[in-house]
Amino acid sequence: MKIPVIQTEHYIVYVEQVHPYWFIHMDVFKWTKTIKQQFLSDWNDWTDMHKDKVLLAMPFIDDTKMEKWTAMTGFKLVEHHKCTDGVVRKLYSWSK
């Protein structure tokens with residue numbers, strides 16, 4: 001079950017615990033330079049409170065926007081993982 005942890009009118013960040021892992025999901029409704037700055041502030045505030053966690057992300061979309069998002073948030077590529085649907089996706093990890 002996805003639980004919203006950062007929620008604004010422009011984006012929502014969720015966590016989903018798949019024991020023992022925490023996966024990050026994000027819905028974006030609008031993105032501008034100002035919204036990006038607010039997101040980074042929100043993201044840094046939230047991750048500062050969760051320094052003990054290892055966060056994972058496995059995006060279903062693999063494009064330049066996703067590459068920029070993973071770099072901007074500090075996620076690092078861990079592996080190319082074959083999912084249960086047979087599709088190989090990039091698995092990213094974040095930790096402080």
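The values are calculated or read from the model by the stated rules, or taken from the named source; none is laboratory data. Because the structure is a prediction, the values reported are computed rather than measured. Here Cβ is always computed from backbone atoms with ideal geometry, including for glycine, and neighbour counts include all displayed protein chains.
At a glance:
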quantity: Residue match in region 82-93 (condition: of a type in the set (A, V, I, L, M), in contact with a Pro (Cβ under 8 Å, 6 or more places away or on another chain) and surrounded by 11 or more Cβ atoms within 10 Å (Cβ to Cβ)); calculated: no
quantity: Per-region count, region 64-96, residues outside any strand (DSSP E or B) and of a type in the set (Asp, Glu); calculated: 2
quantity: Criterion violated by Trp22 - all others in (1) in contact (Cβ under 8 Å) with a residue 12 or more places away in the chain; (2) assigned to a helix (DSSP H, G or I); (3) of a type outside the set (S, T, N, Q) satisfied; calculated: (2)
quantity: Condition met for Ser41 (free of Cβ contacts under 8 Å to residues at least 60 places away in the same chain, part of a strand (DSSP E or B) and not hydrophobic (A, V, I, L, M, F, W, C)); calculated: no
quantity: Selection from region 49-63 of residues that are surrounded by fewer than 14 Cβ atoms within 10 Å (Cβ to Cβ) and in contact (Cβ under 8 Å) with a residue 40 or more places away in the chain; calculated: Lys51, Val54
quantity: Residues of region 64-81 classified as surrounded by 13 or more Cβ atoms within 10 Å (Cβ to Cβ) and touching a strand residue (DSSP E or B) at 6+ places or on another chain (Cβ under 7 Å), total; calculated: 5
quantity: Residues (farther than 23 Å from Val78 by Cα and of a type in the set (S, T, N, Q)) located in region 37-58; calculated: Gln37, Gln38, Ser41
quantity: Residue match in region 34-41 (condition: touching a His at 6+ places or on another chain (Cβ under 6 Å) and hydrophobic (A, V, I, L, M, F, W, C)); calculated: yes
quantity: From Glu16, Glu9, residue being part of a loop (DSSP other than H, G, I, E, B) and either under 13 Å from the mean Cα position of the chain (by Cα) or touching a residue at least 12 places away in the same chain (Cβ under 8 Å) (or both); calculated: Glu9
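This table checks each residue for (1) at pLDDT 95 or above; (2) touching a helix residue (DSSP H, G or I) at 6+ places or on another chain (Cβ under 9 Å).
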site: Pro20; (1), (2): no, no
site: Phe23; (1), (2): yes, no
site: Lys30; (1), (2): yes, no
site: Phe39; (1), (2): yes, yes
site: Trp43; (1), (2): yes, yes
site: Trp46; (1), (2): yes, no
site: Lys51; (1), (2): no, no
site: Val54; (1), (2): no, no
site: Lys65; (1), (2): no, no
